[in-house]
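Notes follow the structure.
The values are calculated or read from the model by the stated rules, or taken from the named source; none is laboratory data. Source: prediction; values computed, not measured. Here Cβ is always computed from backbone atoms with ideal geometry, including for glycine, and neighbour counts include all displayed protein chains. For the accessible areas, the whole protein counts, side chains as well, though only heavy atoms, and no ligand, DNA or RNA atoms are used. Shrake-Rupley method; radii C 1.70, N 1.55, O 1.52, S 1.80 Å.
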Amino acid sequence: MSNPTALQNGPRQSAVSPAHHPAGKEHSPDAPLSIHDMTVAYHRKPVLWDVDLDLPERSLIGVIGPNGAGKSTLIKAAMDLVPKASGRVRVYGLPYRKNRKRVAYVPQRESVDWDFPVTALDVVAMGRYRRIGWCVPVTKKHREAAREALDRVGIADLADRQISQLSGGQQQRTFLARALVQDADLYLMDEPFAAVDAATEKAIVKILKDLKADGKTALVIHHDLQSVEDYFDYVVLMNMRIIAHGPTSAVFTEDNLRKTYGGKLTLLADAAEAMRRVQARS
Amino acid sequence: MIESLQSWDWYLDGWIVGVGILCATACALLGNFLVLRKMSMMGDAISHAVLPGLAVAFLLTESRTSVPMFLGAAIVGVLTALFTEWIRGFGKVDEGASMGVVFTTLFAIGLVLIVRAADYVDLDPGCVLYGAMEFTPLDTVEVAGFVVPRVAVTLGVVLLVNIAFVAIFYKELKISSFDPELATTMGINAGLMHYLLMTLVAVTAVASFEAVGNILVVAVLIVPPAAAYMLTDRLSIMIALSLVIAAVSALLGHVSAIAGPALFGYGSVGTAGMIAVAAGFLFVLAVLLGPRHGVISKLVHHVSLSMRIAAEDVLAMLYRIEELAVGEQRSVVPAHLDAAMQLATPRRRLLVGHLVHRGLVDREGGRLILTDRGRDRARNLVRSHRLWETYLLRYTRLRPDHVHFSAERLEHSTDHELQAALNAHTDSPHIDPHGRPIPPRISERD
């Protein structure tokens, strides 16, 4: 298991870093999420390799990469949901475990059983459980907060529906509302745009822009290369390791996309289209 | 049946039912979370695997006092859950296989130990396996001046502990069952909840042995919650219903154990077995009658939907006949529909009766004619149909003579909004691909 406060970073780091700089690179204190030398392996096969990442504050960050690139694992390892082989994660300058309350997570929609006997409102209220505390029932105040969050994502009228009675887009909005109600500063979202209707996509984009305007940061795993430039001002291109990260205009280039997708790029029609657009821009 | 019930003894039978209810509700309460976590078999595994824990406790203390028994059960219960995790992780096999390995092995060890222990400790393997519910009222203790069966006291305490557990950790159980990852990011330790639950399942299983035996524990653990799950989509109601179903199973089980066999001329049968049968019976009822997932409601929904579609087809047919009619003769001889629509006469009678009843069609001297309302409805159906034909021809590669069948299916599920969208996508056509007019949108009168 990882120990976020440990100073040694595994053999690679200590071999490279000279003695006068024992802690390796410093975490930037304000970065919403700062990952250092993170490696994750599954059954001895690496899934993520030596990830170094400092996210800028007040930004919308798209994580782009082919299937199996470890995008979900990046988020999950950062939140200690999967064990790390090595690496340190800091959230706004503190180890993740000490700053959990500033992070909200929107998992993939398929990660839960939608036949579970709860309403949309129940699910959103779960976002308040930390604030409510152990063994204390959900009070009216928190239910109201949940209702407001549902209103913000535009489905307040569906609050009392059992969750399998919601469409895919409405389920995604429910998850988003559950994150909003946590009132966090950093939002980690695993493919919120996957298989949603156009209206939901628009609603999510609006919420993302609002979050940014409120000084918050969102890291969003995204698949549609066409919309990257419209939605995100910062991108992380990855394929098991970080290929490039930086402002969209500087990093979202044909060259980097080719490095990220490798030979698969030609197979993806939309990737080709995105490249064409990138070329047209430059 | 009445005769055999006349032998009902309020002390004996009353307590047998009482013990049954305590046992069934204590189990069912926890079972809800096993069912919702899709871990029903874990209940089975733990209830079998606690056997060696019990046996070791007997062998060490040579007594049947409760405390070592429950301690042994709790330890082995948690070990079962742990071993299952480990074997799944190391052996790379699925959870079912790893559970199968763990609990059968532990169960077998337990059996061997118990048979050995039985030689010199007052412990009966049969009692552990099948329970001895009928004898529970005979072994009593005194509580606050009342003479109460010992098992009832144990089960009562376990039931109270389970109620307290679910009441106190309701929110935590809910979130860690629904979304364990979210629970973890919330600082709610889903793993801890898991092992707490498993410990209580083990303890409850041990307390239930004398009542239903460990082979049937899983029946009261899983079947009532599974039945309740069919009946509602609210967690709190599901829990309440599961308790009611568990209690009714216990009552029904004992009554039918006394009365049932007598009907067929046998002696009485074991109450524990009949409780499991009663729970199974209630489950089948729930599967049939469940409001949303139930077989009957699905059937009714299906039949009423196909009825609506067939009736709409008749309406549209009447409209098309009107379109073709020359002069004033717009009504139709009902029997002509049979040939035109390939309808069996009784089915046509049913559909026409339905349409007349709904005021969409009138009978005029043995002939059928659309009412104004019926014509509006029919016109919109035909409009949707012809818009779909236009749309499909334009945007798909279907051949012109194939679009009719697709449009025929689509027209029934096309509401106002979709129709407007279709109209916009096809540039508001007036003529369909087959040259027939597309009627304008009519707002239907009710």
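Table: residues versus (1) open to solvent by 50 Å² or more (accessible area, probe 1.4 Å); (2) within 14 Å of chain A (Cβ to nearest Cβ); (3) under 19 Å from residue B:37 (Cα atoms); (4) over 34 Å from the mean Cα position of the chain (by Cα).
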| site | (1), (2), (3), (4) |
| --- | --- |
| B:126 | no, no, no, no |
| B:129 | no, no, no, no |
| B:134 | yes, no, no, no |
| B:138 | yes, no, no, yes |
| B:173 | no, yes, yes, no |
| B:193 | no, yes, yes, no |
| B:200 | no, no, yes, no |
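Among the residues of region A:28-43, are any on the phi > 0 side of the Ramachandran plot and modelled with pLDDT of 90 or more? Break it down into steps so the answer makes sense when it comes.
Looking only at region A:28-43, we keep the residues that are on the phi > 0 side of the Ramachandran plot, and these are A:37, A:43.
Restricting the remaining residues to those that are modelled with pLDDT of 90 or more gives A:37.
Checking region A:28-43: at least one residue is on the phi > 0 side of the Ramachandran plot and modelled with pLDDT of 90 or more.
Test each condition in (1) at pLDDT below 95; (2) over 22 Å from residue B:127 (Cα atoms); (3) in a helix (DSSP H, G or I); (4) among the hydroxyl-bearing types (Ser, Thr, Tyr) for residue B:266 and report the one that comes out false.
Result: residue B:266 passes all but (3).
Kindly provide the set of residues from region B:158-176 that are touching a helix residue (DSSP H, G or I) at 6+ places or on another chain (Cβ under 8 Å), closer than 30 Å to residue B:210 by Cα and outside any loop (DSSP other than H, G, I, E, B), ordered by number.
Correct list: B:158, B:159, B:161, B:162, B:163, B:165, B:166, B:173.
Considering only residues that are in contact with a Leu (Cβ under 8 Å, 6 or more places away or on another chain) and β-branched (Val, Ile, Thr), which ones fall in region B:391-409?
Matches in region B:391-409: B:403 only.
Pairs needed: first member in region A:179-204, among the aromatic types (Phe, Trp, Tyr); second member anywhere, part of a loop (DSSP other than H, G, I, E, B); C-beta distance under 8 Å; at least 6 residues apart or different chains.
Partner pairs satisfying both residue conditions: A:187/A:216; A:193/A:222; A:193/A:223; A:193/A:224.
Scan region B:229-248 and give yes if some residue there is open to solvent by 50 Å² or more (accessible area, probe 1.4 Å), part of a loop (DSSP other than H, G, I, E, B) and either in contact (Cβ under 8 Å) with a residue 24 or more places away in the chain or within 14 Å of another protein chain (Cβ to nearest Cβ) (or both), otherwise no.
Checked region B:229-248: at least one residue is open to solvent by 50 Å² or more (accessible area, probe 1.4 Å), part of a loop (DSSP other than H, G, I, E, B) and either in contact (Cβ under 8 Å) with a residue 24 or more places away in the chain or within 14 Å of another protein chain (Cβ to nearest Cβ) (or both).
Here is a list: B:146, B:165. Which entry is within 14 Å of chain A (Cβ to nearest Cβ), farther than 18 Å from residue B:249 by Cβ and of a type outside the set (Lys, Arg)? Walk me through how you get there before you give the answer.
Working: B:146 fails: within 14 Å of chain A (Cβ to nearest Cβ).
When all the criteria are applied, what remains is B:165.
Take residue B:159 and tell me if it is away from every other protein chain (no Cβ under 14 Å) and either open to solvent by less than 40 Å² (accessible area, probe 1.4 Å) or under 19 Å from residue A:142 (Cα atoms) (or both).
Working: away from every other protein chain (no Cβ under 14 Å): yes; either open to solvent by less than 40 Å² (accessible area, probe 1.4 Å) or under 19 Å from residue A:142 (Cα atoms) (or both): yes.
Yes; evaluated as a whole, the condition is true for this residue.
Whether any residue in region A:99-118 is part of a loop (DSSP other than H, G, I, E, B), within 11 Å of chain B (Cβ to nearest Cβ) and within 26 Å of residue A:88 (Cα to Cα) is what I want to check. Can you show your working first?
Within region A:99-118, the subset part of a loop (DSSP other than H, G, I, E, B) is A:99, A:107-108, A:112-118.
Still in the list and also within 11 Å of chain B (Cβ to nearest Cβ): A:107-108, A:112-118.
Add one more test, that the residue is within 26 Å of residue A:88 (Cα to Cα), and what stays is A:107-108.
So far as region A:99-118 goes, yes, one or more of its residues are part of a loop (DSSP other than H, G, I, E, B), within 11 Å of chain B (Cβ to nearest Cβ) and within 26 Å of residue A:88 (Cα to Cα).
So residue A:124 fits all but one of (1) hydrophobic (A, V, I, L, M, F, W, C); (2) away from chain B (no Cβ under 14 Å); (3) crowded, with 24+ Cβ neighbours inside 10 Å; what number is the exception?
(2) is the only condition that residue A:124 fails.
Test residue B:90 against the criterion of being within 14 Å of chain A (Cβ to nearest Cβ), among the aromatic types (Phe, Trp, Tyr) and over 29 Å from the mean Cα position of the chain (by Cα), and give yes or no. Full working, then the answer.
Working: within 14 Å of chain A (Cβ to nearest Cβ): yes; among the aromatic types (Phe, Trp, Tyr): yes; over 29 Å from the mean Cα position of the chain (by Cα): yes.
Spelling it out, residue B:90 is indeed within 14 Å of chain A (Cβ to nearest Cβ), among the aromatic types (Phe, Trp, Tyr) and over 29 Å from the mean Cα position of the chain (by Cα).
Would you tally the residues in region A:73-88 being within 13 Å of chain B (Cβ to nearest Cβ) and open to solvent by less than 30 Å² (accessible area, probe 1.4 Å)?
Within region A:73-88, residues that are within 13 Å of chain B (Cβ to nearest Cβ) and open to solvent by less than 30 Å² (accessible area, probe 1.4 Å) number 4.
Please verify whether residue A:131 is in contact with a strand residue (DSSP E or B) (Cβ under 9 Å, 6 or more places away or on another chain) and open to solvent by 70 Å² or more (accessible area, probe 1.4 Å), treating the condition exactly as stated.
On the way: in contact with a strand residue (DSSP E or B) (Cβ under 9 Å, 6 or more places away or on another chain): no; open to solvent by 70 Å² or more (accessible area, probe 1.4 Å): yes.
Taking the combined requirement at face value, the residue does not satisfy it.
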